[in-house]
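What follows is one structure encoded as structure tokens, with my remarks underneath.
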Amino acid sequence: MRRSGVARRPAGGAAPSSNRLRALLLLLLATVTAVLAGAVPVSAHAALTGSDPQQGSVVQEAPSQISLTFSEKVATSDGSVRVYDPKGKQVDTGDMVDLGGNSYGVKLRPGQPDGTFTVTYQVVSADSHPVSGAFTFSVGAPSKTTVPVPGQEAGGGVVGGLYGSARYLSYAGFILLVGGATFVLACWQRGAGVRPVQRLVVSGWLTLAVATLAMLLLRGSYTGSGKLGDVFDLDLLSDVLQTKTGAALISRLLLLAAAALFIAVLFGAYARRDEEDDDEDEDEKDDEGVKDVEESEGAEEGEEGVEGGLREADVTKGVGSEADDEPSEADDGSYQRDLTFGLAIGGGVVAAGLAASWAMAEHASTGLQTGLAMPLDILHLLAVAAWLGGLATLLVALFRAPSDAQIETAAVRRFSRVAFGSVLVLTATGIYQSWRQVGTWSALTGTSYGQLLLVKIGLVAVLVGIAWISRRWTAQLVEAPAPTEEDREKATGDAADDDASASAGAGTAGAGDDAGAAGAGDDASAGTADDDGRDDPERAAQLARQRIAVATAREKRLRDADPGRRGLRRSVLAEAGVAVVLLAVTTALTSTEPGRTVEEAKAANAAVAPDTQSGALALDMSFDTGGKNGKGVVRLEIDPARVGANEMHVYVQGPDGKAHDIPEVKVAFTLEAKDIGPLPVVPDHIATGHWTADGVQIPMAGDWNIEVTVRTSDIDQVTVSKNAKIG
């Protein structure tokens, strides 16, 4: 009796097409590994936009504090910023200070000598990626030699490579898990009982679980020391669990436990119910056939008596029982529909939660419009899984499913509609994400992120083109009948008969040489016995292999009978190959600094860079008035920063780095060494977050203290100051 999806491929070797499929997938995975290896160390998603002292600047006295300003919020810990004197001695206190906005500082020990100091930093951006770098400044005059920057390459080395590979595998596992389950529920419910499909979805779950656990263990070393030996450091792991990324990874593991229950139901009760429905259909057909045979025999022989009466009674009883049976809730399919609905709702919640574990910790959680970006990112990931994961499941169904469980044409067409809807969602959400992360045409063509995005767009276009070809093959599909057990037994029997005849002939010839015709018959019988394997185990094993080969060839012929199905397999295989490369590019893209951030960092660094020819001065000072919207950064620019008339510009930025208007800004200059000042200056407001004053008089060269008073409301006000060499 046939059971859908339970039939197995004979163990005598895979079909040639399966070998080609396996070889192609291995080649593509090797290519992906190479791409990922070249993608690390990853670029930062936060950039250093300013510092005090500025990079390469020369100050007259050693500052008491070093401040760094980034393009977005970063996570710091004690030791994230280190300062080394000209002899290579660490001279900072190690304690990090949050200066408000996106600025952070570290105190210096007093009594520092003249010379060139080196500042190194290693922090974690708001979207979970490590950021590291270094710069120098000098006190008095530059040293003849500088201290080499200590080796600290965030996200690099062996740990960076392992972490990048785990990121790729986590995406791949999510796609196979969610996409495979979606394909079964939405397109091919009978596929829940097909073993290759079950293995694919379970493999996706295992891959995602192992990759997530690996990322959790590697995270501390990835953002810190970069040493492989720190992977099992419990203190580092404890620190990771307190971060946003750690919480996302733990949430993903908990959701995977719920996903395991979903898989158990999908491939357990759900698959068994589908098999029982198929078995009931087969039993009904068998019962009808038996009754027809009994009735025909009774009519031909005209038997009357006890046996005939019993037969007639049995037939009458069978008909009556069928008439009395009323359709139950299970028989009319409502149970299966309810189970499908429940699995769809539960699985949808789990899938959305898994997608949210990426959205809450990566690109979508920082930058512009996070309230809109995170839900759209979840939709984007779910659409990717439905399309590419369903494509992988279709590929397995076309190449690896047993011949008696071939995927129906209607299921292929349903997936075609699902894939089309997924492409529409991907297009809409992808356009928004591209604008959000790139922003300008120059960033699209002039940054690594933009260039990778163009490659991704090209691959998606190729994938859509191949999908269009697949849709054409789908339209030409015909529903090929599945082989019955009788067909399979006939194929096996034919092979056995051929082998038996050959062995019998060989035995007869040998017997004729020794004992004549009588002996020939005996040897023929012996040969036939050997064919059954009773006397010669080696011969029995050979016959078994031959029968397996015949059955395998027959299954392949049945699958290849439809030319539309052959064309569909080739186009789907091509789609899967492009999809694997596309996933690698997407993983590299998520590890690359967004083009918008790169452009903003360039603009900020250009604005605060010292003008060595004209002597222009630029100072950044963080402020916090304590009231609502009271945090930000005020930038003061004085040109040419010499004795006499100067042009002054004041810029105010909010915590998000954007120009921000406040009620009042005032500036005062004091030269304490000569007891001059304070000299007040009230600049004019000319644009959003921009004030200016012309003809600002600096009467004498020296180390001036510059105070900026910032008022953010009627009662919230603060004064910040810095010393600067003018003249």
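The values are calculated or read from the model by the stated rules, or taken from the named source; none is laboratory data. The structure presented is a predicted model; accordingly, all values stated were derived computationally and were not measured. Cβ atoms come from the backbone with ideal geometry, glycine included; neighbour counts cover every protein chain shown. Note: accessible area is taken over every heavy atom of the protein model, side chains too, but ligands, DNA and RNA are not part of it. Shrake-Rupley method; radii C 1.70, N 1.55, O 1.52, S 1.80 Å.
Would you please give the residues with an amide H less than 5 Å from that of VAL124, counting only those at least 5 places away or on a separate chain, with H modeled from the backbone geometry?
Under 5 Å from the amide H of VAL124: ALA75, VAL131.
What's the extension gain from ILE469 to ALA673 if we count 0.36 nm per residue and subtract their Cα-Cα distance?
Going from the current span to full extension adds 65.3 nm.
Determine the sum of side-chain charges near THR670: Lys and Arg each +1, Asp and Glu each -1, restricted to other residues whose C-beta is under 11 angstrom from that of THR670.
Values: positive: LYS674; negative: GLU672, ASP675, ASP703, GLU707.
Local net charge: -3.
Return one whole number: the accessible area per residue of the stretch 221-262 in Å², for a 1.4 Å probe.
Per-residue value: 54 Å².
Quick one: dipole size for the stretch 158-235, taken about the Cα centre, charges +1 on Lys/Arg Cβ and -1 on Asp/Glu Cβ, in debye to the nearest 20.
I would put it at about 420 debye.
Where in the stretch 334-360 does the amide nitrogen come within less than 15 Å of the point 7 Å from the Cα of VAL265, taken along Cα to Cβ?
Within reach of a label on VAL265, which here means backbone N under 15 Å from a point 7 Å along Cα→Cβ, the stretch 334-360 contributes 335-352.
Projected onto the charge dipole of the stretch 41-112 (+1 at Lys/Arg Cβ, -1 at Asp/Glu Cβ, origin at the Cα centre), which of THR49, THR93, THR69 gives the Cα projection farthest towards the positive end?
Working it through, the farthest residue towards the positive pole turns out to be THR93.
Mind computing the radius of gyration and Dmax over the alpha-carbon atoms of the stretch 606-727? Å is fine for both.
Answer for the stretch 606-727, Rg first and Dmax second: 14.0, 42 Å.
So what's the net charge close to SER103: Lys and Arg +1, Asp and Glu -1, counting the other residues with Cβ under 11 Å from its Cβ?
-2
ILE676's amide H: which non-local residues (gap 5+, or another chain) put their own amide H closer than 5 Å, with H modeled 1.01 Å from N in plane and none for Pro or chain starts?
LEU671
Round to the nearest 10 and report in Å² the accessible area of ARG190, as given by a 1.4 Å probe over the protein chains' heavy atoms.
Using a 1.4 Å probe on the heavy atoms, I get roughly 40 Å².
Too long at a 19 Å Cα-Cα cut-off: which of LYS73/LYS666; LYS107/LYS658; LYS107/LYS722; LYS674/LYS722; LYS73/LYS631; LYS631/LYS666?
Table pairs above 19 Å Cα-Cα are LYS73/LYS666; LYS107/LYS658.
Which number do you get for Rg(Cα) / (2.2 N^0.38 Å) in the stretch 392-472?
1.48
For a distance above 16 Å, tell me the whole-number percent of Cα pairs in the stretch 655-727 that qualify.
Across the stretch 655-727, Cα pairs with separations above 16 Å total 56 percent.
Could you give the length gained on full extension between LYS87 and SER334, defined as 0.36 nm per residue of separation minus the Cα-Cα distance, in nm?
80.9 nm
Could you give log10 I(q)/I(0) at q = 0.14, 0.16, 0.34 Å⁻¹ for the stretch 78-120, computed by the Debye formula over C-alpha point scatterers of equal weight, without solvent?
The computed values of log10 I(q)/I(0) come out as -0.32, -0.42, -1.23.
Dipole of the stretch 619-661 (Lys/Arg Cβ +1, Asp/Glu Cβ -1, origin at the Cα centre): which of GLY630, GLY657, LEU619 lies farthest to the positive side?
Result: GLY630.
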